[in-house]
1. Neighbour counts of other C-beta atoms within 10 Å: give me VAL57, VAL14, VAL83 arranged from fewest to most.
2. On average over all directions, what projected area in square nanometres does region 34-151 have, based on the convex hull of its Cα atoms?
3. Exactly which GluC sites (Glu not before Pro) in region 89-144 are in a DSSP loop and have at most 16 other Cβ atoms within 10 Å?
4. Ranking LEU146, LEU92 by Cβ neighbours within 10 Å, fewest first, what do you get?
5. What is the extension gain from ASN100 to LEU147, computed as 0.36 nm multiplied by their sequence separation minus the C-alpha to C-alpha distance, in nm to one decimal?
6. Per DSSP H run of at least 4 residues, take -39500 (n - 2.57); add these up for the chain, divide by its residues and hand me the 222 nm value, nearest 500 deg cm²/dmol.
7. What FRET efficiency, computed as 1/(1 + (r/R0)^6) with R0 = 25 Å and r the Cβ-Cβ distance, is obtained for ASN71 and ALA40, rounded to the nearest 0.05?
8. Mind checking which of LEU116, LEU22, LEU55 has the largest fluctuation in a GNM of the chain, springs on alpha carbons under 10 Å?
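Please treat every number below as a calculation from the coordinates, not as lab data. As the structure is a computational prediction, the values presented were derived from the model and not from experiment. Glycine also receives a Cβ, built like all others from the backbone with ideal geometry; neighbour counts cover every protein chain displayed.
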Amino acid sequence: MDSKNPQKTGGNGVDLGMLKSLLGYHLRRAQVAVFQHFAASMGEVDITPGQFGVLSVIAGNPGLSQTQLGNALGIDRSTVVAVIDRLENRGLVMRTPSPNDRRSHALQLSEEGAALLKRLEEMVRAHERHISRELSAEDQRQLLRLLDRVARPE
């Protein structure tokens with residue numbers, strides 16, 4: 001066993017068996033590491049990666065519906081409702097009647113939400129610099145292309 005090569009062994013020199021060859025396993029390990037660093041970086045503002053994504057998409061598309069938001073981010077309706085409820089309760093997002101569809105709401109950031117997003121964007125940039133510190137610019141572009149291919153729906 002090679003305890004210095006995480007591709008071959010887990011912590012403490014434990015042989016990972018089949019896991020060492022599974023893309024899903026390595027993606028999950030990377031996701032956990034990224035999420036943990038994000039949580040530590042955003043602790044003072046109490047924002048999750050999902051909430052940041054929602055704020056960012058609403059900022060770029062004021063007036064979009066909850067359904068459009070869910071479709072854009074690939075999250076189900078009940079999750080969208082719960083996230084919007086939390087952000088609305090914090091005074092960061094506002095639901096207003098949709099001018100085109102009385103059954104839906106148009107989403108927009110409040111002034112407080114826009115100000116927080118501006119602050120978050122720099123924090124997220126610092127987080128991204130940290131998680132990509134071992135990757136060249138070309139490595140980063142390649143990784144994004146590959147991840148997009150893995151995530152592409154059938």
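1. VAL14, VAL57, VAL83
2. 8.2 nm²
3. GLU134
4. Details: LEU146 11, LEU92 23.
Going from least to most buried by this count: LEU146, LEU92.
5. Once the chain is fully extended between ASN100 and LEU147, it gains 13.4 nm.
6. On the way: 6 runs with 89 residues, N = 154.
Calculated from helices alone, the mean residue ellipticity at 222 nm is -19000 deg cm²/dmol.
7. Here the calculated transfer efficiency is 0.25.
8. LEU22
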